[in-house]
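Below is one structure, written out as structure tokens, with a few remarks after it.
The values are calculated or read from the model by the stated rules, or taken from the named source; none is laboratory data. Bear in mind the structure is a predicted one, so any value in this text is a computation, not a measurement. With ideal geometry, Cβ positions are generated from the backbone for all residues, glycine too; neighbour counts draw on all protein chains shown.
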Amino acid sequence: MGTICYNGVSREMTAEEQAEFDARQTAYKNDAPNRKLRMIKKMRQERLEATDWMANSDYTMPDYIKTWRQTLRDLPANNTTESEYDALLAVDSDGYFSNSIWKQPTE
């Protein structure tokens with residue numbers, strides 16, 4: 001059984017507490033794909049919002065930005081498995097996202 005700590009006092013969990021803990025751990029693990037998809041959508045939204053100003057009528061959005069924005073909008077439909085989510089969320093040795101979709105193109 002596991003140990004619980006409250007106000008600096010440690011004690012063994014009761015069977016009921018252990019069962020609840022295990023159920024929460026299982027639910028958390030089972031929700032991993034949804035958490036990853038939420039993160040992808042949040043990152044996508046941030047990038048779309050950062051370039052929304054280019055859609056103003058007094059600015060002509062370059063085609064490469066239009067293409068990139070469309071690719072961002074299509075991410076959820078084109079990536080539906082947890083392994084695809086993992087590829088989108090992969091980081092390099094410096095801790096930066098390594099998938100090129102996250103970098104705004106310059107041309």
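Exposed (fewer than 10 other Cβ atoms within 10 Å of the Cβ), of a type in the set (D, E, K, R) and within 30 Å of Met1 (Cβ to Cβ) - does that describe any residue in the stretch 27-37? Yes - at least one qualifying residue is present in the stretch 27-37. Checked against (1) within 22 Å of Thr106 (Cα to Cα); (2) in a helix (DSSP H, G or I), Tyr85 passes all but a single condition, namely (1).
With respect to the conditions (1) over 17 Å from Phe97 (Cβ atoms); (2) modelled with pLDDT of 90 or more; (3) surrounded by 13 or more Cβ atoms within 10 Å (Cβ to Cβ), Thr81 falls short on a single one, namely (3). The residue that is nearest to Val91 (Cα to Cα), among those in the stretch 28-72 that are β-branched (Val, Ile, Thr) and in a helix (DSSP H, G or I), is Ile40.
Could you tell me whether Met1 is in contact with a strand residue (DSSP E or B) (Cβ under 9 Å, 6 or more places away or on another chain), surrounded by 10 or more Cβ atoms within 10 Å (Cβ to Cβ) and either under 30 Å from Pro105 (Cα atoms) or in the same structural domain as Thr106 (by TED's automatic domain parsing) (or both)? No. Give me the pairs, please: first residue somewhere in the stretch 53-69 and without any contact (Cβ under 8 Å) to a residue 60 or more places away in the chain, second residue anywhere and among the hydroxyl-bearing types (Ser, Thr, Tyr), beta-carbon distance under 7 Å, and either six or more positions apart or on two chains. Listed pairs, sorted by first residue: Ile65/Thr51; Arg69/Thr51. Scanning the stretch 41-73 for residues that are among the charged types (D, E, K, R) and either more than 20 Å from Thr106 (Cα to Cα) or over 19 Å from the mean Cα position of the chain (by Cα) (or both) yields Lys41, Lys42, Asp52, Asp58, Asp63, Lys66.
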